Amino acid sequence: MSGLVQQAAGIGTEAPALSPASAALAAADARHRWFVLGARVVVGIAFLLLWHVASGNWIDTLLISSPEAVAGRLWRWLIDGTLWFHLSITLLATVLGFAIGSAVGFSTGLLFGRFNTLADIFDPYISALYSIPKIALAPLFIIWFGIGIESKVAVSAAIVFLVIFLNTYAGVREVNPLYINTTRIMGGGQWAVLRHVIVPSAAAWVITGLKVSVPYALVGTVIGEFMSANRGIGFLIAQATGLFNTTSVYAGIVVLAVVGAVINTGLKHFESWVLRWRP
């Protein structure tokens, strides 16, 4: 009797064993991930070797510098605090611009997506605003907000706003009306429809907009720093360009590339968490 009780107590506590087919798929998936990781490492090493060989042999170092010189410059910036100081300024402006642009773009896209008449009224104005090269707005924001961080935040937010707005608007308009009507028949009000149908359905569009707009947020900040600033990674690159210091220019570009890659990786994990309900 005690043995039966112990067996009964153990029911459901052990993890189900994988079938041979599932185990084979899991092993194949693991091998694919390791292969991709190894290939990425090989491509990166090959690129650095090609850069090293080309520098000074095929192309003048004044034009492309060299990987060891760039690494040395980054190390000096890291040791003397230059990198952390200027990077913190650029990241602060990028984060603020991204947050403001995303919040306003999502709210506006949600509003226009729900009210067709409002969208029809403002459609030509949104199209005209979207057609303006965003770099043309930077001088205007500098006149309005000065050369401080505010103008960089404004440029970044303006770029992010349009990307998030268009993706949110498209996502809301693509929601299946059947789901909305079913929720209303079941007694759900506007808030229930918005929370349980519209936002989850448009989440994939919004996340895509967020992923696309992250590089644009960084670009907007750096553009503002190029045009008028006395600190930030964009300022370092602009200053080095004026002095024909190619090594510092490449070092700044490497920093921006690494920051963009890290942020995009974080957004991919965020996307997996938000859209975990999808099969």
Q. Exactly one of (1) at pLDDT 80 or above; (2) surrounded by 17 or more Cβ atoms within 10 Å (Cβ to Cβ); (3) more than 23 Å from the chain's Cα centre (by Cα) is unmet by residue 241. Its number?
A. (2)
Q | residue 137 assigned to a helix (DSSP H, G or I) and exposed (fewer than 14 other Cβ atoms within 10 Å of the Cβ) | A | no
Q.
Looking only at the stretch 105-162, how many residues end up being farther than 19 Å from residue 235 by Cβ and in contact with a Leu (Cβ under 6 Å, 6 or more places away or on another chain)?
A. 3
**Q.** Single condition residue 60 does not satisfy, out of (1) within 18 Å of residue 249 (Cα to Cα); (2) buried (at least 16 other Cβ atoms within 10 Å of the Cβ)
**A.** (2)
Q) Does residue 110 qualify as being modelled with pLDDT under 90, closer than 30 Å to residue 209 by Cα, surrounded by 10 or more Cβ atoms within 10 Å (Cβ to Cβ) and touching a Ser or Thr at 6+ places or on another chain (Cβ under 9 Å)? A) yes
Q.
Exactly one of these conditions fails for residue 66: (1) at pLDDT below 80; (2) assigned by TED's automatic domain parsing to the domain that holds residue 248. Give me its number.
A. (1)
Q: List the number of the failed condition for residue 198; all other conditions in (1) crowded, with 20+ Cβ neighbours inside 10 Å; (2) at pLDDT 80 or above hold.
A: (2)
Q. Any residue at all in the stretch 175-184 that is in the same structural domain as residue 270 (by TED's automatic domain parsing), in contact with a Phe, Trp or Tyr (Cβ under 7 Å, 6 or more places away or on another chain) and within 27 Å of residue 270 (Cβ to Cβ)?
A. no
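Of all residues in the stretch 127-142, how many are in contact (Cβ under 8 Å) with a residue 40 or more places away in the chain and either farther than 17 Å from residue 153 by Cα or not hydrophobic (A, V, I, L, M, F, W, C) (or both)?
2
The values are calculated or read from the model by the stated rules, or taken from the named source; none is laboratory data. Please read all numbers here as calculations on a predicted model, not as lab measurements. FYI the Cβ positions are ideal-geometry reconstructions off the backbone, even for glycines, and counts take in every protein chain you see.
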